[in-house]
Amino acid sequence: MVFKRMLGAFGVGAPSVDTVLSTPRTRPGGTLEGEVRLKGGDFDAEIEHITLGLVARVEIEHGDGESAGMSEFSRFQVSGPFTLRKGEDRVIPFTIPVPWEAPISEIGGQPLTGMAVGVRTELAIAKAVDKGDLDMVAVEPLPSQLRILEAFLDLGFRFRSADLEAGRLYGVDQELPFYQEIEFHPPAQQRGVVGEVEVTFVATPAGLTVVLEADKRTGRYSSSDAIGHFTVSHEDAMRTDWAGEIGRWLSSLSQYGHGSSFDHGGHYGGHYGGHDHERHGGGLGAVAAAGALGVAGGLVAGEIVEEVAEEFFEGGDEGGDW
């Protein structure tokens, strides 16, 4: 995807910039490659720097309400100072790293309802900064994450939606100022036990910390949260029978107050704890598994995802960056 913008902050005849991603799809811990293409204006311009920022739409809690804001979660300078001559064409190639904790925004080629992740180009000329438009980015799950998500589908859960919540998870070594919640609706046989299940991944080069939160039904009109918190290497995640492990954890919810730990002999245990603040619903959308994870109903159609993302980001800009 390409965006082109005349740098209005610098007046008529100012330079223009195109940012082109040659790899618009990536994974946590991966890279994004592309070019920043500059076209000189009617005068020489002293460029101070060009910086690319990864941004995402994040839900922010305040008081009794919630609003959306745009959070920049990674910055990478692709150029230092130089002079862009009048009418000059210049291309600056880049390869930027994607954080391991980057949120998943697409599965099986389909964008996830509620998610918007993009690259923002920042160009500074003569002490003025123009942040340009946004280029959408698709962040696909790691194979280890996909294995766990597929297990929920194998158990009959339905993918609802996903969102990002500002804040930090209790007891988790987390770098980004937000976490992703992937929400599933339970199958009919589980509805008397749980109302919904939310999955959160915090990835590192070595493995995953996974937080499972179930809205546990404790009576006809009441519920409480049951939280499972464990860490597993990427290699072990690919070998684990997740449908069996998750199924046993869900079964334990009807016997124990707050769930029981995963315990199948692997080198991760069950750790339970709360969060720094209350977690609210969000999740993936309706997903169907067929070999690799096939995604169907409930997700945003590809041809309108740019339009939807612009609405997300424009809404977030009203509150400013944070």
**OP:** Find the percent of Cα-Cα distances in segment 65-183 that exceed 24 Å, and round it to a whole number.
**Re:** 43 percent
Original post:
Label point 7 Å out from GLU33 along Cα-to-Cβ: which residues of segment 90-126 have amide N under 20 Å?
Top reply: 91-100, 119-120
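Magnitude of the Cβ-charge dipole of segment 151-216, K/R +1 and D/E -1, about the Cα centre, nearest 20 debye?
220 debye
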Subject >> Inter-site label distance for ARG75 and ASP236 at 7 Å from Cα along Cβ, in nm >> reply: 3.8 nm
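Every read-out reported here was derived from the displayed coordinates using simple, explicitly stated rules and does not represent laboratory data. Note that the coordinates shown come from a computational prediction; the quantities given were computed from them, not determined experimentally. As a convention, Cβ positions derive from the backbone with ideal geometry for all residues, glycine included, and neighbour counts pool all protein chains shown.
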